[in-house]
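Quick notes on the structure that follows.
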Amino acid sequence: MDRQPTPDTTEPREKSPQRSPWVLIAIVYLGGVAAAMSLGKFASVGPAVAGELGLSLSELGWVISAVVGVGAVVGLPAGYLVRRFGTERSLITGLVLMGAASAASVWAGGFGWLLTARGVEGAGYVLVTIACPALILRLASERDRGTALSIWATFVAVGIGLSTLGGGVLGSALGWRGWIGLIAALTLAMALVVWVRLPRGSGRLVAAGPVPKIGALKWPAALALAFCLGALVTIPVIVLLPTLLIEEYGRTATAAGAVTSVISLLSALGGLAVGVLLRRGTPVRVLALVGLLTVPAAWLMYGGAASLTAAQVGAAIISMENGFLGALVFAALPMVLDRLDHADVGNGVVAQAGSLGSLLGPPMFGLVVAGPGFQALVPVIAVGMIAAVGALLLVGGRAARSSTEPVKAQPR
């Protein structure tokens, strides 16, 4: 129930419908899944693309990571852009940009063309990943916000998982150009669904209220730091898992790829767990401590006497931790905002930090493995995760205090 406003300057965070429109929230979520499918669409067909276009492994790596690279640079400015043009309009624009750029990739004749198209996709992806959680926050009732945002946080795991599995089958049947064309069509179709189904009105309006100043982003920045560190030390574990299984345990490339696909999808379970626990009233500070399970999981994976089973169990735990911590960050954001209409800019900060961690983590892990070896990853993961949990504990304290304080209103 909304708190009563104080006489002059404060009132509840934002009045919201007693029932959440879950169908509309699902449409927004599927828009994010479509974007994540485009993010991972080259994973399964990369060798075919490199063979036909004559790309080196380094060039193929740039093509795959360019989308995340854009987010690592322009996340915060994009948050202000979404605020200026409105969340629904930004979501539709982002999906159209991604679909059009994906379609352009079908006719790529070389590295330059493909990289340029991926850069445009990156711009669209940033708009989608900022607009979607801001829209979900405004659509969901106060009681359902944590659950809805936790579900949202699974979009990358689900999208990339679907793209990896679909690309393996359809990429072989249609060729890599046919597969990319299919992704383009799905993304544009999703843009049309969003345009038709989301209600006209506040979703398309420019956000009301003053633009958030730097001081208002202090707590979102703390969440962003936790998100960056969490991504930095968990995502590379999944990225390098096939290499570990092949080099250390003698698995075939096919078997290693299948195991990695299944384990990466477990990230979604971690995100869903956050929604369930928040709905039962579990404090953010308590949930933050779950992140410490990553440390023994890292030892299971990379300890000197690790077995294949232990490595796979450790990877599964870390994958779920990745989804758990990501969902906790998104769910905690509205708890620490000065105003709910700062959600677009707050999500921009979080998105940029997450992209930065995702971009820097794999090469950092690669350097460690090439030097001291896999065992040296255990202290690296431990330090990064302990720091991430520390930041989340601070945020949890702020979230607990904000639940008893009046908050500045969002203008109607």
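So if I check each of Leu289, Leu269, which one is surrounded by fewer than 19 Cβ atoms within 10 Å (Cβ to Cβ), free of Cβ contacts under 8 Å to residues at least 60 places away in the same chain and part of a helix (DSSP H, G or I)? Full working, then the answer.
Numbers: Leu289 fails: free of Cβ contacts under 8 Å to residues at least 60 places away in the same chain.
After ruling out the rest, the residue left standing is Leu269.
Among the residues of segment 292-337, write down those that are open to solvent by 40 Å² or more (accessible area, probe 1.4 Å), among the hydroxyl-bearing types (Ser, Thr, Tyr) and under 24 Å from the mean Cα position of the chain (by Cα).
If the condition is that a residue be open to solvent by 40 Å² or more (accessible area, probe 1.4 Å), among the hydroxyl-bearing types (Ser, Thr, Tyr) and under 24 Å from the mean Cα position of the chain (by Cα), then no residue fits.
Can you tell me which of Ala153, Ala157, Ala140 is under 16 Å from Leu333 (Cβ atoms), among the aliphatic types (A, V, I, L, M) and within 19 Å of the chain's Cα centre (by Cα)? Lay out the reasoning, then the answer.
Details: Ala157 fails: under 16 Å from Leu333 (Cβ atoms); Ala140 fails: within 19 Å of the chain's Cα centre (by Cα).
Sole residue among the options that is under 16 Å from Leu333 (Cβ atoms), among the aliphatic types (A, V, I, L, M) and within 19 Å of the chain's Cα centre (by Cα): Ala153.
Of all residues being at pLDDT 80 or above and assigned to a loop (DSSP other than H, G, I, E, B) in segment 1-44, which is most open to solvent (accessible area, probe 1.4 Å)? Just the residue, please.
Taking segment 1-44 first, the residues at pLDDT 80 or above are 19-39, 41-42.
Still in the running and assigned to a loop (DSSP other than H, G, I, E, B): 19-21, 41-42.
Working: Arg19: 207, Ser20: 15, Pro21: 41, Lys41: 0, Phe42: 2 Å².
Among those that are at pLDDT 80 or above and assigned to a loop (DSSP other than H, G, I, E, B), it is Arg19.
Would you confirm, using the coordinates I've provided, whether Ala353 is in a helix (DSSP H, G or I), hydrophobic (A, V, I, L, M, F, W, C) and closer than 22 Å to Ala157 by Cα? Let's see the steps before the verdict.
Details: in a helix (DSSP H, G or I): yes; hydrophobic (A, V, I, L, M, F, W, C): yes; closer than 22 Å to Ala157 by Cα: yes.
The answer is yes for Ala353.
Only one of Val120, Val169, Val126 is surrounded by fewer than 19 Cβ atoms within 10 Å (Cβ to Cβ) and more than 30 Å from Gln18 (Cα to Cα). Can you tell me which?
Working: Val120 fails: surrounded by fewer than 19 Cβ atoms within 10 Å (Cβ to Cβ); Val126 fails: surrounded by fewer than 19 Cβ atoms within 10 Å (Cβ to Cβ).
Unique residue meeting the criteria: Val169.
Do the conditions hold for Gly146, that is, is it closer than 30 Å to Ala104 by Cβ and either of a type outside the set (Val, Ile, Thr) or without any contact (Cβ under 8 Å) to a residue 40 or more places away in the chain (or both)? Please lay out each step first, then the result.
Working: closer than 30 Å to Ala104 by Cβ: no; either of a type outside the set (Val, Ile, Thr) or without any contact (Cβ under 8 Å) to a residue 40 or more places away in the chain (or both): yes.
The answer is no for Gly146.
From the list Val233, Val196, exactly one residue is at pLDDT 85 or above, over 23 Å from Leu356 (Cα atoms) and in a helix (DSSP H, G or I). Which is it? Working first, answer last.
Values: Val233 fails: over 23 Å from Leu356 (Cα atoms).
From the options Val233, Val196, the qualifying one is Val196.
Out of all the residues in segment 181-189, is one or more touching a helix residue (DSSP H, G or I) at 6+ places or on another chain (Cβ under 6 Å), modelled with pLDDT of 85 or more and hydroxyl-bearing (Ser, Thr, Tyr)?
Yes: segment 181-189 contains one or more residues that are touching a helix residue (DSSP H, G or I) at 6+ places or on another chain (Cβ under 6 Å), modelled with pLDDT of 85 or more and hydroxyl-bearing (Ser, Thr, Tyr).
Return the total of residues in segment 96-112 being closer than 30 Å to Asp341 by Cα and either hydroxyl-bearing (Ser, Thr, Tyr) or surrounded by 21 or more Cβ atoms within 10 Å (Cβ to Cβ) (or both).
Number of matching residues: 3.
Here is a check on your reading of the model: is Leu60 surrounded by fewer than 20 Cβ atoms within 10 Å (Cβ to Cβ), free of Cβ contacts under 8 Å to residues at least 40 places away in the same chain and part of a helix (DSSP H, G or I)? Give the steps one after another, and end with the answer.
Working: surrounded by fewer than 20 Cβ atoms within 10 Å (Cβ to Cβ): yes; free of Cβ contacts under 8 Å to residues at least 40 places away in the same chain: yes; part of a helix (DSSP H, G or I): yes.
Answer is yes for this residue.
Quick test of your reading of the structure: Val349 fulfils all but one of (1) open to solvent by 20 Å² or more (accessible area, probe 1.4 Å); (2) over 16 Å from Leu240 (Cβ atoms); (3) at pLDDT 90 or above. Name the failing condition by number.
(3)
Condition test on Leu244, is it part of a helix (DSSP H, G or I), among the aliphatic types (A, V, I, L, M), modelled with pLDDT of 85 or more and open to solvent by less than 40 Å² (accessible area, probe 1.4 Å)? Full working, then the answer.
Working: part of a helix (DSSP H, G or I): yes; among the aliphatic types (A, V, I, L, M): yes; modelled with pLDDT of 85 or more: no; open to solvent by less than 40 Å² (accessible area, probe 1.4 Å): yes.
So Leu244 fails the test.
Out of everything in segment 356-370 that is among the small types (Gly, Ala, Ser) and modelled with pLDDT under 85, what residue ends up being least open to solvent (accessible area, probe 1.4 Å)? Break it down into steps so the answer makes sense when it comes.
Initially, segment 356-370 is screened for residues among the small types (Gly, Ala, Ser), giving 357-358, 361, 366, 370.
After this cut, where a residue has to be modelled with pLDDT under 85 as well, the list is 358, 361, 366, 370.
Numbers: Ser358: 33, Gly361: 0, Gly366: 31, Ala370: 87 Å².
Among those that are among the small types (Gly, Ala, Ser) and modelled with pLDDT under 85, it is Gly361.
Could you grab me the full set of residues in segment 99-112 that are closer than 16 Å to Ser58 by Cα and without any contact (Cβ under 8 Å) to a residue 40 or more places away in the chain? Even if it seems obvious, please write down each step before you answer.
Here is the first cut: in segment 99-112, the residues closer than 16 Å to Ser58 by Cα are 110-112.
If the condition is that a residue be closer than 16 Å to Ser58 by Cα and without any contact (Cβ under 8 Å) to a residue 40 or more places away in the chain, then Gly112 is the only one that fits.
Could you tell me whether segment 146-158 includes any residue that is more than 25 Å from Pro21 (Cβ to Cβ), assigned to a helix (DSSP H, G or I) and touching a Ser or Thr at 6+ places or on another chain (Cβ under 9 Å)? Show your work before the answer.
First, pick out the residues of segment 146-158 that are more than 25 Å from Pro21 (Cβ to Cβ): none.
No, that holds for no residue.
State which residue pairs qualify: first residue without any contact (Cβ under 8 Å) to a residue 40 or more places away in the chain and inside segment 302-323, second residue open to solvent by less than 50 Å² (accessible area, probe 1.4 Å) and of a type in the set (A, V, I, L, M, F, W, C) in any location, beta carbons under 7 Å apart, and separation of 6 or more residues or different chains.
Within 7 Å, the pairs are Gly314/Ala297; Gly314/Ala298; Gly314/Met301; Ile317/Ala297.
Going by what's in this entry, would Thr93 be described as open to solvent by 10 Å² or more (accessible area, probe 1.4 Å), modelled with pLDDT of 90 or more, out of contact with any Pro (no Cβ under 9 Å at 6 or more places or on another chain) and among the hydroxyl-bearing types (Ser, Thr, Tyr)? Can you show your working first?
On the way: open to solvent by 10 Å² or more (accessible area, probe 1.4 Å): yes; modelled with pLDDT of 90 or more: yes; out of contact with any Pro (no Cβ under 9 Å at 6 or more places or on another chain): yes; among the hydroxyl-bearing types (Ser, Thr, Tyr): yes.
Here the answer is yes, as Thr93 does meet what is asked.
Can you give me the number of residues within segment 45-57 that are buried (at least 18 other Cβ atoms within 10 Å of the Cβ) and in a helix (DSSP H, G or I)?
3
The values are calculated or read from the model by the stated rules, or taken from the named source; none is laboratory data. From a predicted model like this one, the values you see are computed outputs, not experimental measurements. Using ideal geometry, Cβ is built from the backbone for each residue, glycine included, and neighbour counts are taken over all protein chains shown. Surface areas here come from the heavy atoms of the whole protein model, side chains and all, with no ligands, DNA or RNA. Shrake-Rupley method; radii C 1.70, N 1.55, O 1.52, S 1.80 Å.
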